[in-house]
């Protein structure tokens, strides 16, 4: 076990996948000698060579579409889009091709590719570098969408994504790249996609979150504990499919739920979780389900960014509201 | 600027010495038979659509020489990535008539080719097959295969970023790929001259640093010869080629289109004089003793085969509705199995 940050865990998982499987190739903008703008691929071109760690021309459409073709013809491409704001041209390939190839050929061709992209705000990046549009991707039938919130989960989920026989979008909360470290074992073990992580047990209220928002949510649970409110904390980890059972089971126990995400409120994934709980857990609910989310605004430039990001204070306010509901 | 590569004129007269493969009568008869078969399929498909027994269908009338010429030069280990107008190529590669009818009749099983298992199904979103071809070529290069990825798109496709970006990476990485443009002069209602100010679509290869060649797309010998050379270059590790095939869309864009809204019948009539079947038939008659009996026998056998395939397609029951859930993922997530269960298909 070595202490790793999330970026180190991602780099370690990529190295492990390249080591274990000759069909794995990495490509994207600046992933080679530069090691990626966040250094996720640092050193990999030296270890595995320029044929397997490739700098592409600056073409998001080709990065995604070439991954589709390469995956269908026997490689396991792990393609990188440099920032989520530049992922939109790739959506055509994801929605029209990657997600459909198995279905439309009735299994004759498949698309075992991973598209990695850093997402989210909080690092004072220029405009178009801080978006959280995971709900757009989670709406596409045939995809899987994964977001880790710790170094160890990043390692295990990325290996799972690469080994998955179908396309996976792997979104990396870039605010967490270097924000925390923990012991991670490079044991080659994958974590299951589609299973939420119950991080903390508690009987009073269920908090559901993912990605970088876990930072604020974890802080909020500590503050709540000091007030005598025991929150149960779920890291959803997988946005598609959603582990509905784990969320339902928790809410059946606590009777209260607050969902926290950085992405805009309207038609965000909090709405899906809330609707699922309304359908399946109505009689257990003691209070309305609350969402603490980004506003339905364009992501502000860095000087106003902190005002957009859901804060621990907003989470506490929402929890107090559901606790006091009668 | 050189003239488009051509060996036969519109009447089938030799313009120059034929390439080696074209001195063999049997090879030319096979190409001719494939084009006749494609046109017969086209006729049948349109008639089925007009009588409510097939979905919206994109005719390849007049462009048979492109598809057949291109794939005629390919090897089994190559991969074909067609647009939605390359039925002739798919048939030559071993996709069955019944599979094509199934696909155009709205049944995904039509893409589960028994024959060319690595070939891609047709690509409906224009030009988005070119990045796939780059990816297939990358996989071939990476795995040390000697195959080549061959993608075909229309003239309209050359206006899209997908096309330019893919051509660019093919050039940059010297990928074993051949991009073919079926320039049939029309992208639905927009004529070629309103698509781009480029003098030749083949010139778009210049920006990617790869060869671009214009050929008479109604001359199957020229198409096959140009493709053969491009495939050899790719197999020799010399990278990709862009081939622009000049042809004409004699039919509507699809069965849902009415081309009389935007183009003159006189223009269509003019192009009927240059269509690809007549010239090769004239050449076969003149050089290889193709007889009226040969012609009639070919038409009859194509007709019989296509009628039988159509009957088989029409007799094929739709899949069980549960199929829409079954093939989405290798292992369906619980969300999907739960919806399949709720749907309650047996």
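Every read-out reported here was derived from the displayed coordinates using simple, explicitly stated rules and does not represent laboratory data. Just so we're clear, the structure is a prediction, and the values are computed from it rather than from any experiment. Note: ideal-geometry Cβ built from the backbone for every residue, glycine included; neighbour counts use all protein chains shown.
Stretching residue B:206 away from residue B:295 to a fully extended chain increases their span by 27.8 nm, per 0.36 nm per residue minus the current alpha-carbon distance. The angle separating the long axis of helix A:151-163 from the principal Cα axis of greatest extent in chain A is about 50 degrees. Normalising the average separation of contacting C-alpha pairs (under 8 angstrom, six or more residues apart) by the number of residues puts the relative contact order of the range B:20-315 at 23 percent.
Quote the FRET efficiency, to the nearest 0.05, computed for residue A:275 versus residue B:51 with a Förster distance R0 of 35 Å and r equal to the Cβ-Cβ distance. Efficiency computed from Cβ-Cβ geometry: 0.20.
Enter the mean projected area of the convex hull around the alpha-carbon atoms of the protein assembly as shown, in nm², rounded to one decimal. Average of the hull's projected areas for the protein assembly as shown equals 32.5 nm². Distance between the modelled labels on residue A:252 and residue B:287, one decimal in nanometres: 7.8 nm (7 Å Cα→Cβ projection). Helix A:312-324 versus the longest principal axis of chain A: what angle, 0 to 90°, nearest 10, using Cα atoms? Approximately 40 degrees, to the nearest 10.
Using a cutoff of 8 angstrom between alpha carbon atoms and counting only pairs six or more residues apart, the relative contact order for the range A:198-314 works out to 29 percent. When you restrict to C-alpha pairs under 8 Å that are six or more residues apart and normalise by the size of chain A, the relative contact order lands at 16 percent. With springs connecting C-alpha atoms under 10 Å apart, model chain B as a Gaussian network and identify which of B:171, B:25, B:88 has the largest mean-square fluctuation. Maximum among the listed residues: B:25. Stretching residue A:46 away from residue A:304 to a fully extended chain increases their span by 88.9 nm, per 0.36 nm per residue minus the current alpha-carbon distance. Gain on full extension, evaluated as 0.36 nm per residue between residue B:312 and residue B:265 minus their Cα-Cα distance, stands at 13.3 nm. Averaged over the residues of B:116-122, the number of partner chain Cβ atoms lying within 10 Å of the residue Cβ comes to 4. With the helix formula -39500 (n - 2.57) applied to DSSP H stretches of n ≥ 4, chain A reaches a computed 222 nm mean residue ellipticity of -10500 deg cm²/dmol. Relative to the dominant Cα principal axis of chain A, helix A:269-280 is inclined by about 60°.
Please list, by residue number, everything in the range A:76-93 whose backbone N is under 19 Å from a paramagnetic label point 7 Å out along Cα→Cβ of residue A:34. The answer is A:78-90, whose backbone nitrogens lie closer than 19 Å to the label point. Centre-to-centre, using Cα atoms only, the range B:168-184 and the range B:49-88 are separated by 19 Å. With helices as the sole contributors, chain B gives -14000 deg cm²/dmol at 222 nm; each DSSP H run of n ≥ 4 counts as -39500 (n - 2.57), and the sum is divided by every residue.
Which shape class applies to chain B: rounded if a/c is under 1.5, otherwise prolate when a/b exceeds b/c and oblate if not, where a ≥ b ≥ c are the square roots of the Cα gyration tensor eigenvalues? Oblate is the answer for chain B, as a/c is 1.5 or above yet b/c matches or exceeds a/b. Shielding of peptide B:318-326 by partners, expressed as the average count of other chain Cβ atoms within 10 Å per residue Cβ, is 1.
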